[in-house]
Amino acid sequence: MNINTYTSHKWLNLLHSVLILTGMAVILCLLGWLIAGRPGIVWAFIIGTAVVIITSRISPQAVLKMHNARLLDYSHAPRLHTMTRELSSRAGLSFQPALFYIPSPVVNAFSVGQKKNAAIALTDGMLRSLSYREILGVMAHEISHVRNNDIWIMNLAEAANRVTGLLSLTGQFLLLLNLPLILTQDYHISWWIIFLLIFAPTLSTIMQLSLSRTREFDADMDAAMLTNDPMGLARALAKLEYTTRSWLDRFMRPGQKYGLPSFLLTHPRTEDRIQRLISLAGDINEQPWQTPDHSYMDLKAARLPAGAGPLRRLLGNWF
């Protein structure tokens with residue numbers, strides 16, 4: 001592992017995350033001050049805190065139930081549980097996140113819950129499509145999210161974004177309500193105030209998306225450190241990028257990978273993530289975690305109920 005590159009990326013990700021959260025807090029305070037002065041700032045933080053507390057109390061099982069997920073115990077996938085236990089120990093976690101199985105052909109995995117009650121969901125498509133080495137990189141990425149408390153951080157950003165939108169609508173309503181009085185008395189309102197009331201939610205959303213991309217980069221760095229194998233995760237990302245595009249999309253637009261600008265994406269561009277992982281592989285002082293490089297699928301799917309099928313569309317399936 002190239003430790004110097006890893007340390008540099010980690011500090012940049014931390015600085016980026018702090019600056020984004022600070023910017024979202026500043027926008028929130030400005031809106032609260034414009035609407036009600038100092039009490040408006042206090043109430044903005046009270047509402048935001050309430051939203052964070054409510055969302056943090058939602059159990060991972062409730063979220064996973066929406067995806068038709070089923071608990072994956074040791075008898076279903078012993079090697080996957082062994083891998084998770086070892087990664088959790090390397091990450092310094094005092095517990096092993098619960099594992100859930102989603103009967104979907106989409107190649108995906110995600111973590112939910114807070115640091116002390118987290119769960120990781122894996123799709124059937126991922127377990128069947130990726131090799132053991134690639135799944136190891138993906139699991140290390142998700143466990144890094146859990147260790148870094150990224151779910152709580154994104155809940156905090158989501159709460160700030162929601163309260164910003166609420167205050168923006170309140171300010172616009174008050175502005176329209178007082179518009180006749182403003183026009184009759186020739187009262188001047190700064191265009192900067194109007195601009196902030198209208199575009200504050202958009203700015204906050206862009207910051208939230210940027211924070212999400214930063215946390216993904218950070219989880220990639222930590223996953224490479226946990227496994228000492230950046231190329232395992234890089235290979236998984238390349239395969240995931242290929243499988244998530246429909247065959248018609250790959251045929252009609254082979255050179256176009258993204259339909260949105262980068263600042264509107266929740267995840268960084270795959271080639272950027274892979275390039276950062278490759279930069280970590282410059283100085284290999286230790287051997288990667290030795291794993292058999294074959295199809296990982298030891299899941300006894302017959303023991304689990306089948307999930308709902310996909311909804312068909314022209315360019316692929318939507319789950």
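Coordinate-derived values only; no laboratory data. Here the structure is a predicted model, which is why all the values come from computation and not from measurement. Virtual Cβ from ideal backbone geometry, glycine too; neighbours counted across all protein chains shown.
Quote the FRET efficiency, to the nearest 0.05, computed for residue 19 versus residue 184 with a Förster distance R0 of 51 Å and r equal to the Cβ-Cβ distance. So, using R0 = 51 Å, E works out to roughly 0.75. Ordered by the number of other Cβ atoms lying within 10 Å of each residue's own Cβ, fewest first, 95, 100, 45 fall into the sequence 95, 45, 100. With neighbour counts taken as other beta-carbon atoms within 10 Å, the residues 184, 214, 243 rank, fewest first, as 184, 243, 214.
Two decimals, Cα atoms only, Kirkwood Rh: what is Rg/Rh over the stretch 98-181? Could the numbers behind the result be given before it?
Details: Rg = 20.3 Å, Rh = 15.6 Å.
Checking Rg against Rh, the ratio lands at 1.30.
Computed from the C-beta positions of residue 94 and residue 238, the FRET efficiency with R₀ = 25 Å rounds to 0.15.
Kindly put 131, 94 in sequence by how many other C-beta atoms sit within 10 Å of each C-beta, fewest to most.
Details: 131 19, 94 8.
Taking fewest neighbouring Cβ atoms as first place, the list is 94, 131.
Using the Cβ-Cβ distance between residue 264 and residue 174 with R0 set to 25 Å, the FRET efficiency from 1/(1 + (r/R0)^6) comes to roughly 0.25.
What's the magnitude of the charge dipole for the stretch 43-114 around its Cα centre, counting Lys and Arg as +1 and Asp and Glu as -1 at the beta-carbon? Answer in Debye, nearest 20.
On the way: 6 positive and 2 negative charges, 9 e Å.
Result for the stretch 43-114 is approximately 40 debye, rounded to the nearest 20.
Between residue 29 and residue 65, the simple spin-label model (points 7 angstrom out along Cα→Cβ) gives 4.1 nm.
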